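Please treat every number below as a calculation from the coordinates, not as lab data. The model shown is predicted, which means the values in this text are computed figures rather than measured ones. With ideal geometry, Cβ positions are generated from the backbone for all residues, glycine too; neighbour counts draw on all protein chains shown.
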Amino acid sequence: MTDAARSKVHSEVPDANAAYVAEFGDRRDLALPPARGFAIQTCMDARLDPAKYAGLAEGDAHVIRNAGGRATDDGIRSLVISHKLLGTQEWFVIHHTNCGMELFSDEVIGDLLADNLETASFAGKAWSNPRHGHGSAHGHFIK
Ligand SMILES: [Zn+2]
């Protein structure tokens, strides 16, 4: 991403949020517990819109997202809070086709991070770093 594109995003997101807040209206009075009584654990993939694929509106359900839609310790923590304190009675764990998590293993991302911290690229079969050096062995703790 170029500096100009990054700068554009830095203004687009607050502008979109201001427009959303201006039209929020009566939704400010929605109850804290999800009205439809369920939660969804799903992938962070930018191509997915849980509100659209699950037919959600604000206040309907909890949506917990992470890379791969995994029920990690933090995902489970959120789901337990969703049930115990906010009354959800069902949880859906929703994965999808063509998930980016299929493109690497723990060893691959660990090795990439150990080599260099900048964004890597994928050339159809393998990941590579734009430069080498200044990595962190802590990347091997990413699971
Ligand atoms: Zn995914």
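A cut-off of 5 Å between modelled amide H atoms, ignoring neighbours fewer than 5 places along the same chain, links Ile40 with His62, Val63, Ile64, Phe92.
Beyond 16 Å, what percent of the Cα pairs of segment 56-143 remain? Tail of the P(r) past 16 Å holds 65 percent of the pairs. As a proxy for reagent exposure, ranking Lys84, Lys125 by other Cβ atoms within 10 Å from fewest up yields Lys125, Lys84. The fewest-to-most ranking of Cys43, Cys99 by surrounding Cβ atoms within 10 Å reads Cys99, Cys43.
Per-residue Cβ neighbour counts within 10 Å put Ser82, Ser121 in the sequence Ser121, Ser82, beginning with the fewest. By the helix-only formula, in which each DSSP H run with n ≥ 4 contributes -39500 (n - 2.57) and the sum is divided by residues, the chain has a 222 nm mean residue ellipticity of -10000 deg cm²/dmol.
Only one residue of Ala35, Pro50, Gly75 has its Cα farthest out toward the positive end of the dipole of segment 3-98, where Lys and Arg carry +1 and Asp and Glu -1 on Cβ, and that residue is Gly75.
Looking at segment 1-90, the GluC sites (Glu not before Pro) that sit in a DSSP loop and have at most 13 other Cβ atoms within 10 Å of their own Cβ are Glu23, Glu58. Around the Cα centre of the chain, unit charges on the Cβ atoms of Lys, Arg, Asp and Glu (plus for the first two, minus for the last two) sum to a dipole of about 120 debye.
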